[in-house]
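> Encoded as structure tokens, here's the structure I'll be asking about.
The values are calculated or read from the model by the stated rules, or taken from the named source; none is laboratory data. No experiment lies behind these values; they were computed from the predicted model shown. Backbone-built Cβ (ideal geometry, glycine too); neighbour counts: all protein chains shown. In case anyone asks, the SASA skips ligands and DNA or RNA and just uses the protein heavy atoms, side chains included. Shrake-Rupley method; radii C 1.70, N 1.55, O 1.52, S 1.80 Å.
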Amino acid sequence: MSDRLKDYQRIALDSYETFLHSYRTAGESTPGTRQASRDAFEACTQASFGFRVPYYAPAALTESDVPVVCLRIPTGGGKTLIGGHAIQRVKQTLLPTTHSLTIWLVPSDAIRTQTLRMLRTPGELLHDEL
């Protein structure tokens with residue numbers, strides 16, 4: 001599957017996976033706290049940019065420490081492909097299980113139609129992975 005990725009897509013996914021590993025490690029090192037997301041995000045931004053970027057999550061998700069990250073990909077940059085790979089990396093890094101639930105939100109009917117087509121087509125990453 002990775003052979004289909006462009007360099008910038010691979011770099012974005014590798015950074016995302018680094019965050020996931022950091023999140024898991026932060027949660028293991030400070031069990032019972034609700035700051036693993038913040039610690040992981042700030043450690044990753046420190047490593048990538050040389051300074052810590054403050055972590056902000058929606059208030060509804062902070063209490064449970066649900067990790068919230070955003071991968072910024074330009075228009076036409078393969079966000080659907082990256083999304084499929086991102087789900088795969090979450091499953092491998094955080095959810096050692098065969099089945100998981102994914103909620104896929106889209107901003108328009110055109111993207112919904114495209115995504116549904118990919119979900120229904122054997123051989124497409126979203127179909128095969130999800």
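> Among (1) open to solvent by 80 Å² or more (accessible area, probe 1.4 Å); (2) closer than 18 Å to Leu126 by Cα; (3) in contact (Cβ under 8 Å) with a residue 12 or more places away in the chain, which single condition is Tyr8 missing?
Every condition holds for Tyr8 apart from (2).
> Give me a count of the residues in the stretch 101-118 that are open to solvent by less than 90 Å² (accessible area, probe 1.4 Å), more than 27 Å from His21 (Cβ to Cβ) and part of a loop (DSSP other than H, G, I, E, B).
Here the count works out to 2.
> For the stretch 56-71: of the residues being part of a loop (DSSP other than H, G, I, E, B) and without any contact (Cβ under 8 Å) to a residue 12 or more places away in the chain, which is nearest to Thr18 (Cα to Cα)?
Taking the candidates together, the pick is Cys70.
> Just to check your reading of the model, which residue among Gly78, Gly83, Gly50 is closer than 22 Å to Asp14 by Cβ and without any contact (Cβ under 8 Å) to a residue 12 or more places away in the chain?
Being closer than 22 Å to Asp14 by Cβ and without any contact (Cβ under 8 Å) to a residue 12 or more places away in the chain holds for just one of Gly78, Gly83, Gly50, which is Gly50.
> How about the stretch 59-70: which of its residues are open to solvent by 70 Å² or more (accessible area, probe 1.4 Å) and either among the acidic types (Asp, Glu) or in contact with a His (Cβ under 9 Å, 6 or more places away or on another chain) (or both)?
Glu63
> Considering only the stretch 74-130, state which residues are among the acidic types (Asp, Glu) and modelled with pLDDT of 85 or more.
Asp109
> Across the stretch 75-95, which residue is least open to solvent (accessible area, probe 1.4 Å) among those that are assigned to a helix (DSSP H, G or I) and farther than 18 Å from Arg4 by Cα?
Keep residues of the stretch 75-95 that are assigned to a helix (DSSP H, G or I), which gives 79-93.
Still in the running and farther than 18 Å from Arg4 by Cα: 90-93.
Numbers: Val90: 34, Lys91: 37, Gln92: 124, Thr93: 8 Å².
Among those that are assigned to a helix (DSSP H, G or I) and farther than 18 Å from Arg4 by Cα, it is Thr93.
> Would you confirm, using the coordinates I've provided, whether Thr98 is without any contact (Cβ under 8 Å) to a residue 24 or more places away in the chain, within 30 Å of Ala26 (Cα to Cα), open to solvent by 80 Å² or more (accessible area, probe 1.4 Å) and not in a helix (DSSP H, G or I)?
It is true that Thr98 is without any contact (Cβ under 8 Å) to a residue 24 or more places away in the chain, within 30 Å of Ala26 (Cα to Cα), open to solvent by 80 Å² or more (accessible area, probe 1.4 Å) and not in a helix (DSSP H, G or I).
> Then there is this: Considering every residue within the stretch 44-58, establish whether at least one is over 30 Å from Thr121 (Cβ atoms), among the aliphatic types (A, V, I, L, M) and surrounded by fewer than 16 Cβ atoms within 10 Å (Cβ to Cβ). Break it down into steps so the answer makes sense when it comes.
Applying the first criterion (over 30 Å from Thr121 (Cβ atoms)) to the stretch 44-58 yields 44-58.
Among the residues that remain, those that are also among the aliphatic types (A, V, I, L, M) are: 47, 53, 57.
Within this subset, residues satisfying the condition of being surrounded by fewer than 16 Cβ atoms within 10 Å (Cβ to Cβ) are 47, 53.
The answer is yes; a qualifying residue exists.
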